[in-house]
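Nothing in this text is a laboratory measurement; each read-out follows from the coordinates by a stated rule. Being a predicted model, the structure only gives us computed values, none of them experimental. Glycine gets a Cβ as well: all are built from the backbone with ideal geometry, and neighbour counts include every protein chain shown.
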Amino acid sequence: MDNLSIYFLLLLAVIAGWLLGRLGSPRIHSKTRNHSDIFQDYFVGLNYLLNDEPDEAIDTFINALEMNSETIETYLALGALLRRRGKVDKAIKVHQTLIERPGLEQDFLDSARLQLAIDYIAAGLLDRAERLLNELLTENSPAKLDALKHLITIYQTEKEWEKAINCSSMLLANAGHKKDIELRTAAAHYCCELGEQFLKEDQHSNSREQIKRAFTFDRHNVRASLLLANMEQRLGNFKAAIKELIRIRNNNPEFISQLLGPLAECYEQLENMTEYEKLLTNTLPDEPDVSVVLALSDLVKTRSGDEAAIEYLNEYLTRKPSLTGLVELLRLQIPKSDERVGGNLNSLRQMVDSLLRKKPTYQCNHCGYESKNLYWLCPSCQKWEKIKPILEAGGS
Ligand SMILES: [Zn+2]
């Protein structure tokens, strides 16, 4: 939110709260402060706002507003504004004062507790936030769904995957959230986190259980499929591994470059490289990543020698030029050339190669974060499975 919108919201909140508070309960203010005090504070606050001192303005308005049932929503809005401006201590104070107020209606009390829990999260006091949110949950408060969302954030931060899965299931059981794709994707990744841990400890049946659970949240989850393929390969079930890898190729073709290594290993174990070559050739027309072309040229090289591979790459790159393909072509050409030309070609190859190495391999399609490694959780926008391999299709 930009500064202008914050001021606008603040003004609206305060004017509405102030008018309701003052005009709606004449008996209360006559007992406490007189009109001129209130107006004085109100204009001091406005002055701070106009002088670009919003923090002082918020303080003045909080002091000016009398706390009563008409101004509670304004207090909640001001508390949230304080937190957004990084004044978490002050926000905590405002929300605690609200909660301690005797006779507060249950709805407002729950809203204030929820806001206080969010303050605690912002302050890094996750234990306190968790306790407060769990209270809202057990009391079955109307703030329960919001409480669940914040609990999921806490458990994700603390890597308490089982608890994160339970909260996600509770939230997904609600009609309004049933089809929430982001929530489903996140829950599938929590299961994958557990599945990966079990796989590391060679607890295969536990790992398999978590992978199955991941698919109940997200049928096409690419990480769960990769994990399953990896486990099948480790167990020597090469056909099952290939089946899963091909499923990924069909559902998530952008991950093709991740599949080639394990696919080649599995077909090699089955001594069926012809089938592998057929699969790659069938994949080619889909304009995939250049890695498919390189894998094919490698197969041609093993089967029919360097010359055949050079011819294959030459023919392909003439139609669809690619820098990565060019590096490979140079690498194959160098031993065939005389010393002087070979030396020149080698420097050329190194130059292009170093330029390519500087390019990122993965990119978040939500926030644009670029990296050399595949992260399932974007370190920048904290969204799951938004980082994808950058494809170098023919022609790029
Ligand atoms: Zn991102």
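Select from the stretch 182-252 those GluC sites (Glu not before Pro) which occupy a DSSP coil region and have at most 15 other Cβ atoms within 10 Å, ordered by residue number.
E201
Sort 220-226, 122-128 for me by packing, meaning the mean count of neighbouring Cβ atoms within 10 Å per residue, highest on top. Intermediate values should be presented prior to the final figure.
Details: 220-226: 22.6, 122-128: 13.9.
Sorting 220-226, 122-128 by mean packing, highest first, produces 220-226, 122-128.
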**Request:** Mind ranking 314-321, 264-271 by how tightly packed they are, going by the mean number of other C-beta atoms within 10 angstrom, highest first?
**Result:** 264-271, 314-321
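Return the loop-located GluC sites (Glu not before Pro) in the stretch 64-157 (DSSP other than H, G, I, E, B) with at most 15 other Cβ atoms within 10 Å of their own Cβ; answer none if there are none. Kindly include the intermediate steps, with their values, before the conclusion.
On the way: sites: E66, E70, E73, E100, E105, E130, E135, E139; in loops: E66, E70, E105, E139.
The qualifying sites are E105, E139.
Looking at the stretch 239-294, what % of the alpha carbon pairs are farther apart than 15 Å? Write down the numbers at each step before the final one.
On the way: 642 of 1540 pairs.
The calculated P(r) of the stretch 239-294 puts 42 percent of pairs beyond 15 Å.
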**Prompt:** For the stretch 205-341, what number of Lys pairs, 8 or more residues apart or on separate chains, have alpha-carbon atoms under 27 Å from each other?
**Reply:** 11
**Prompt:** Setting aside same-chain residues fewer than 8 positions from K386, which lysines have a Cα under 20 Å from its Cα?
**Reply:** K149, K159, K179, K359, K372
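Cβ under 14 Å from R213's Cβ, R213 left aside: what net charge do those residues give with Lys, Arg +1 and Asp, Glu -1?
On the way: positive: R184, R208, K212, R219, R223; negative: E162, E193, E196, E209, D218.
The answer is 0.
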**Item:** Space enclosed by the convex hull of the alpha-carbon atoms of the stretch 290-349, per residue, Å³
**Value:** 69 Å³
**Prompt:** Among C378, C367, which comes first, then next, by fewest other beta-carbon atoms within 10 Å?
**Reply:** C367, C378
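Quick check: net charge around N166, other residues with Cβ under 12 Å of its Cβ, Lys/Arg +1 and Asp/Glu -1? Provide the component values of the computation, followed by the final result.
On the way: positive: K163, R213; negative: E160, E162.
Here the count lands on 0.
Would you tally the net charge around D306, using a Cβ to Cβ cut-off of less than 12 Å, leaving D306 out, and scoring K and R as +1, D and E as -1?
Details: positive: K301, R303, R331, K336; negative: D298, E307, E311, E328.
With Lys, Arg at +1 and Asp, Glu at -1, the net is 0.
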